[in-house]
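Heads up: the structure comes next, in structure tokens.
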């Protein structure tokens with residue numbers, strides 16, 4: 001009875017929107033998000049990939065298509081917010097390149113994106129520019145953005161709080177001045193709201209789906225058992241998702257992949273024998289529910305664009321435009337706004 | 001039929017288009033050229049011999065004493081056939097394009113001539129390195145600066161101004177916006193087809209069939225051509241670019257070269273750059289958007 005219940009467990013009741021098969025879907029997030037992106041590619045979803053192949057001389061053909069752009073795993077909300085801010089030139093971290101012990105250069109924000117690293121810091125910078133351009137295309141073109149919240153603990157630069165997806169030492173980097181942080185729920189709520197607002201600023205029609213990864217932590221900075229940290233982490237992430245859904249109820253939906261997997265507890269068939277890895281069967285169950293509720297055969301209608309027409313002008317607009325109309329070339333600009 | 005056309009750099013195209021009809025002996029009265037040559041008075045004396053006087057509604061005519069002979073009341077005293085037309089200004093394709101002046105009210109020149117980018121000026125004033133400034137040319141920053149609203153604002157402004165001149169350009173502008181290309185080279189330099197459109201409206205007023213009006217040469221294209229930034233161009237359904245064509249140049253310069261050139265110009269004039277409300281607003285928005293450090297508990 002218990003098995004049958006788990007197999008057909010479907011906790012989704014109401015969603016604020018659907019995904020049409022012609023709508024571009026982008027994904028990002030933690031390890032579990034890779035399952036979602038793979039499943040979307042196999043299903044009939046229009047999976048958006050804006051960084052499909054190496055674009056710079058230093059790039060190798062690795063990790064393209066795992067996510068919509070080649071950013072690797074994005075574990076924390078702060079990392080996602082900073083990806084946006086870095087892509088749009090709002091944040092320029094001080095630590096821009098990591099030097100590995102063997103001389104290879106790494107991008108600190110996606111250190112595992114290619115196994116051997118890059119041959120020089122210049123190659124890292126050049127490839128990151130191309131990558132961030134692809135990230136901008138993703139944010140601006142996607143109709144649906146699915147983000148899987150993974151962790152609350154992270155490594156950040158002591159210099160400016162830049163979030164690294166993993167500890168520098170893990171990839172053979174010794175010089176970085178990184179420290180560990182465990183983000184508070186309240187700061188994650190703030191970060192996620194800020195990210196959503198920024199995304200909507202450049203893509204007003206985007207719909208966002210938030211999920212929480214069911215994968216438990218493998219380790220914790222905190223002085224306690226990893227299961228206790230896992231519970232705290234999932235609870236905080238779940239609260240952040242909940243609050244942001246309430247904040248933007250028409251644009252943001254929560255999808256309970258965490259609940260679907262956890263309904264059976266940390267054991268097969270949703271978890272492998274290591275009681276940590278989500279099985280293909282578990283992913284299938286999640287995606288079955290996802291497809292059942294979100295995917296619609298109907299094509300999304302195009303929202304008619306508003307034609308350019310008169311709007312009310314502010315005082316500064318009026319004087320600025322008046323000055324432009326009053327310019328006589330080769331004369332001194334009247335009012336300082338013309339040419 | 002003799003027609004005098006008085007105004008700024010836009011009038012040579014209008015004159016050329018009117019002449020193409022074969023019915024109009026049009027003559028330009030370029031205010032800048034007349035003033036530079038010291039011939040504003042002597043040339044104005046010839047105006048009574050024209051059948052029609054067409055004049056752009058430009059505020060400076062009422063402000064500078066040299067232009068006194070071209071004030072509307074004076075023109076109406078010498079001719080019953082005076083037509084007031086708007087100067088064609090439209091910031092919608094180039095919301096970032098502006099001009100800045102120094103303490104002596106002289107325009108600070110850049111690789112784009114008299115034009116400056118509000119974003120580059122603001123970034124310069126914030127002390128951002130040129131490379132960082134280049135990365136601010138993106139959709140998010142444009143949205144914060146309300147660049148995507150500029151076409152609607154420019155439409156409103158031109159509609160109101162042209163109606164005040166007695167020559168409503170609303171339907172013309174709507175048609176130009178659907179051409180698939182920008183109808184402006186810069187905020188105040190129209191492309192040939194827009195000047196041709198304006199000339200057709202004049203033709204209709206003076207009894208010449210508009211169908212005979214044509215402007216084959218895009219004479220303002222030899223001046224600066226400011227690009228329509230890609231993210232804005234996509235929304236306006238025109239070709240986007242970040243390549244700037246300097247005045248008189250055959251080729252274009254990149255955004256990076258434009259920023260470097262502007263920075264050099266502003267460094268030379270830094271103490272005396274006058275901050276317009278447009279620049280002050282841009283600077284405040286950029287400053288607020290940038291993050292130098294993320295606080296973590």
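The values are calculated or read from the model by the stated rules, or taken from the named source; none is laboratory data. From a predicted model like this one, the values you see are computed outputs, not experimental measurements. Cβ: placed from backbone, ideal geometry, glycine included. Neighbour counts: every protein chain shown.
Odds and ends about this structure:
- Criterion: out of contact with any helix residue (DSSP H, G or I) (no Cβ under 7 Å at 6 or more places or on another chain) and within 23 Å of residue A:12 (Cβ to Cβ) - qualifying residue of A:253, A:272, A:300, A:240: A:300
- Lone unmet requirement of (1) over 27 Å from residue A:81 (Cα atoms); (2) touching a residue at least 40 places away in the same chain (Cβ under 8 Å) for residue A:223: (2)
- Number of the condition not met by residue A:107 [criteria: (1) under 21 Å from residue A:253 (Cβ atoms); (2) modelled with pLDDT of 95 or more]: (1)
Results for (1) touching a helix residue (DSSP H, G or I) at 6+ places or on another chain (Cβ under 6 Å); (2) under 30 Å from residue A:204 (Cα atoms); (3) in the same structural domain as residue B:107 (by TED's automatic domain parsing), shown as yes or no for each residue.
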| residue | (1), (2), (3) |
| --- | --- |
| B:199 | yes, no, no |
| B:231 | yes, yes, yes |
| B:248 | no, no, yes |
| B:252 | no, no, yes |
| B:264 | no, no, yes |
| B:289 | yes, yes, yes |
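- Residue B:8, sole failed condition from (1) touching a residue at least 24 places away in the same chain (Cβ under 8 Å); (2) assigned by TED's automatic domain parsing to the domain that holds residue B:281: (2)
- Those helices (runs of 4 or more DSSP H) lying entirely in segment A:1-114 with at least 1 residues within 22 Å of residue A:168 (Cβ to Cβ): A:31-42, A:77-87
- Entry remark, segment A:166-193: residues being touching a strand residue (DSSP E or B) at 6+ places or on another chain (Cβ under 8 Å), outside any helix (DSSP H, G or I) and within 25 Å of residue A:33 (Cα to Cα) number 6 in total.
- Selection status of residue A:112, touching a residue at least 40 places away in the same chain (Cβ under 8 Å) and either surrounded by fewer than 24 Cβ atoms within 10 Å (Cβ to Cβ) or away from every other protein chain (no Cβ under 13 Å) (or both): yes
- Checking each residue in segment A:220-254 for being part of a loop (DSSP other than H, G, I, E, B) and touching a strand residue (DSSP E or B) at 6+ places or on another chain (Cβ under 7 Å) picks out A:220, A:221, A:222, A:251.
- Residue in segment B:140-155 that is outside the structural domain of residue B:253 (by TED's automatic domain parsing), closer than 20 Å to residue B:59 by Cα and buried (at least 19 other Cβ atoms within 10 Å of the Cβ) present: yes
- Residues in segment B:35-56 that are more than 22 Å from residue B:24 (Cα to Cα) and surrounded by 15 or more Cβ atoms within 10 Å (Cβ to Cβ): B:35, B:40.
- Contacts under 8 angstrom Cβ, first residue in segment B:264-287 being within 14 Å of chain A (Cβ to nearest Cβ) and farther than 18 Å from residue B:140 by Cα, partner at pLDDT below 95 and assigned to a helix (DSSP H, G or I), 6 or more apart: B:276/A:320; B:277/A:316; B:277/A:319; B:277/A:320; B:278/A:316; B:278/A:320
- Selected residue (criterion: farthest from the other protein chains (Cβ to nearest Cβ)) from residues of segment B:97-141 that are under 22 Å from residue B:189 (Cα atoms), over 16 Å from the mean Cα position of the chain (by Cα) and in a helix (DSSP H, G or I): B:120
- Scan of segment A:116-151 for residues that are farther than 19 Å from residue A:188 by Cβ, part of a strand (DSSP E or B) and within 16 Å of the chain's Cα centre (by Cα), ordered by number: A:144
- Residues within segment B:147-163 that are more than 9 Å from chain A (Cβ to nearest Cβ) and more than 18 Å from residue B:186 (Cα to Cα), tallied: 2
- Between A:159, A:167, A:154, A:178, the distinction of being crowded, with 19+ Cβ neighbours inside 10 Å, over 13 Å from the mean Cα position of the chain (by Cα), over 30 Å from residue A:294 (Cα atoms) and at pLDDT below 95 belongs to A:178 only.
- Residue in segment B:58-71 that is modelled with pLDDT of 95 or more, closer than 27 Å to residue B:236 by Cβ and not assigned by TED's automatic domain parsing to the domain that holds residue B:258 present: no
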